[in-house]
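Working notes for the structure below.
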Amino acid sequence: MSARQKQRRARLAVFKFASCDGCQLSLLDCENELLTLSESIDIAYFLEATRKAIRGPYDLALIEGSITTPHDAERIRRVRSESRFLVTIGACATSGGIQALRNFGNVREFASIVYARPEYIATLATSTAIGDHVAVDFELRGCPINKRQLLEVISAFIARRSPTIPAHSVCVECKRRGTVCVMVAGGTPCLGPITHAGCGAICPSFARGCYGCYGPDEAPNVASLMTAWTQLNRPPDAIARVLRTFNANAPAFRNALTHENDQS
């Protein structure tokens, strides 16, 4: 391939903020598909997988992780300025992640319990999504993300089209698999009716309720589901615990919990 042809490749960058690296590993899990994709892109920045980092600008930036420190808040603005398109991947980047549980408590108190010298810890009072700080062109949900959906997103942005990612709930995936509804048939609490599809309804296929790893779907009726859970003899604190996991700071989940607390 000539140097001129190589220059026409889209420049991809992958950045990590506060996260566990799981969504970046989903990209590496693409294996053969990633090799094919490399014919259309140059991986310019990806510290998880490359030895050399190339400075921007970038055609597409994939962002994993939430904003939890003042330094990260500054860094994401710099990444945004260097990226033509910016896509957030995973629950941390799209809603704040499991670390957003700090948003419901006192960070200073947490730090004093965990660290011997908490005064050395520079952190924000909250863990927030990337979209709370900069403009985001697309959000890919999941904890971790679905690698095939990730490939679709990358391919779509390279081709200058909208990604084809389903917006329906996990319940649709259950029906497609022929999985019997764990709530209706077994009385098992499940977040499937309000959770974004993408996992293939793994948990319900093993007779377990959905944990909401992919966050709220396009139009989640959280209040209705909470009422159904109450009818299954689940107390309000049990409902609160299950919403306060991977996507606790997602607006639909967070607002439902706030409303419930106001009512009690």
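Results, tabulated for the structure shown:
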| quantity | calculated |
| --- | --- |
| Of all residues in the stretch 92-133 being of a type in the set (Ser, Thr, Tyr) and touching a residue at least 24 places away in the same chain (Cβ under 8 Å), the one that is surrounded by the most Cβ atoms within 10 Å (Cβ to Cβ) | 95 |
| Sole exception among (1) part of a loop (DSSP other than H, G, I, E, B); (2) touching a strand residue (DSSP E or B) at 6+ places or on another chain (Cβ under 9 Å); (3) under 30 Å from residue 31 (Cβ atoms) for residue 179, by number | (2) |
| Residue in the stretch 134-147 that is touching a Phe, Trp or Tyr at 6+ places or on another chain (Cβ under 6 Å), in contact (Cβ under 8 Å) with a residue 12 or more places away in the chain, of a type in the set (Gly, Ala, Ser) and not in a loop (DSSP other than H, G, I, E, B) present | yes |
| Boolean, residue 239 is at pLDDT 90 or above and in contact with a Pro (Cβ under 9 Å, 6 or more places away or on another chain) | no |
| Pairs, first on the phi > 0 side of the Ramachandran plot in the stretch 207-233, second aliphatic (A, V, I, L, M) and in a loop (DSSP other than H, G, I, E, B), C-beta under 6 Å, six or more apart | 212/191; 215/250 |
| Condition met for residue 218 (surrounded by fewer than 22 Cβ atoms within 10 Å (Cβ to Cβ), within 21 Å of the chain's Cα centre (by Cα), acidic (Asp, Glu) and in a helix (DSSP H, G or I)) | no |
| Test: residue in the stretch 61-70 that is out of contact with any strand residue (DSSP E or B) (no Cβ under 7 Å at 6 or more places or on another chain) and of a type in the set (Gly, Ala, Ser) | no |
| Qualifying residue in the stretch 199-207 (condition: in a helix (DSSP H, G or I), surrounded by 17 or more Cβ atoms within 10 Å (Cβ to Cβ) and either outside the structural domain of residue 99 (by TED's automatic domain parsing) or touching a His at 6+ places or on another chain (Cβ under 7 Å) (or both)) | yes |
| Single residue of 51, 84, 55 found to be among the charged types (D, E, K, R), touching a strand residue (DSSP E or B) at 6+ places or on another chain (Cβ under 6 Å) and over 29 Å from residue 248 (Cα atoms) | 84 |
| Close pairs from the stretch 240-252: first hydroxyl-bearing (Ser, Thr, Tyr) and assigned to a loop (DSSP other than H, G, I, E, B), partner surrounded by 23 or more Cβ atoms within 10 Å (Cβ to Cβ) and modelled with pLDDT of 90 or more, Cβ under 8 Å, at least 6 apart | 245/212 |
| Matching helices (runs of 4 or more DSSP H) fully within the stretch 1-91 where at least 2 residues are without any contact (Cβ under 8 Å) to a residue 40 or more places away in the chain | 3-7, 32-37, 70-81 |
| Some residue of the stretch 150-171 being within 17 Å of residue 91 (Cα to Cα) and of a type in the set (Phe, Trp, Tyr) | no |
| Search result, residues across the stretch 38-66 that are crowded, with 18+ Cβ neighbours inside 10 Å and out of contact with any Lys or Arg (no Cβ under 9 Å at 6 or more places or on another chain) | 46, 62, 66 |
| Filter pass, residue 170 being touching a Phe, Trp or Tyr at 6+ places or on another chain (Cβ under 9 Å), at pLDDT 95 or above and closer than 25 Å to residue 238 by Cα | yes |
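Condition check ((1) in the same structural domain as residue 217 (by TED's automatic domain parsing); (2) among the polar types (S, T, N, Q); (3) modelled with pLDDT of 90 or more; (4) within 27 Å of residue 151 (Cβ to Cβ)) across all residues:
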| position | (1), (2), (3), (4) |
| --- | --- |
| 85 | no, no, yes, yes |
| 94 | no, yes, yes, yes |
| 97 | no, no, yes, yes |
| 118 | no, no, yes, no |
| 124 | no, no, yes, no |
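The values are calculated or read from the model by the stated rules, or taken from the named source; none is laboratory data. The structure presented is a predicted model; accordingly, all values stated were derived computationally and were not measured. A quick note on method: Cβ atoms are made from the backbone with ideal geometry, for glycine too, and the neighbour counts reach across all protein chains shown.
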